[in-house]
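Here's the structure we're looking at; comments come further down.
The values are calculated or read from the model by the stated rules, or taken from the named source; none is laboratory data. What you see is a predicted model; the values in this text were computed from it and never measured. Here Cβ is always computed from backbone atoms with ideal geometry, including for glycine, and neighbour counts include all displayed protein chains. Please note that ligands, DNA and RNA were not included when accessible areas were found on the heavy atoms of the full protein model with its side chains. Shrake-Rupley method; radii C 1.70, N 1.55, O 1.52, S 1.80 Å.
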Amino acid sequence: THITVDPTGSIAATADTLGRVMLVDLSTKQIVRMWKGVREAKCYWMQSHVPSSSSANNNHTSDKKKAITYLVIHAKQRRVVEMW
């Protein structure tokens, strides 16, 4: 069993021994999404920073960037890495 919490602390991904990966909303304790058939999976979070749309329209330089968080699932048995 493996669990990891996203950088904001609002959602978690957990992988169990039955080959399921579950995305859990920590504020409501509800399963938001479930993937099946991913035995021996490990979950990781990856963030990418992109300029926000409001700062892209301004002529002056702004350091405002929007963080996009991806769930990365490494399914060892299937030899696959998936990003959601």
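General observations
- Restricting attention to segment 36-45, the residues being touching a Leu at 6+ places or on another chain (Cβ under 9 Å) and either farther than 14 Å from residue 84 by Cα or part of a loop (DSSP other than H, G, I, E, B) (or both) number 2.
- Meets criteria (surrounded by fewer than 12 Cβ atoms within 10 Å (Cβ to Cβ) and either modelled with pLDDT under 90 or within 11 Å of the chain's Cα centre (by Cα) (or both)) for residue 69: no
- Some residue of segment 22-36 being at pLDDT 90 or above, surrounded by 15 or more Cβ atoms within 10 Å (Cβ to Cβ), within 16 Å of the chain's Cα centre (by Cα) and among the basic types (Lys, Arg): no
- Residues in segment 1-35 that are part of a loop (DSSP other than H, G, I, E, B) and either hydroxyl-bearing (Ser, Thr, Tyr) or under 15 Å from residue 70 (Cα atoms) (or both): 1, 6, 7, 8, 9, 10, 17, 27, 28.
- Residue 55 of a type in the set (S, T, N, Q), modelled with pLDDT under 90, open to solvent by less than 70 Å² (accessible area, probe 1.4 Å) and out of contact with any Cys (no Cβ under 9 Å at 6 or more places or on another chain): yes
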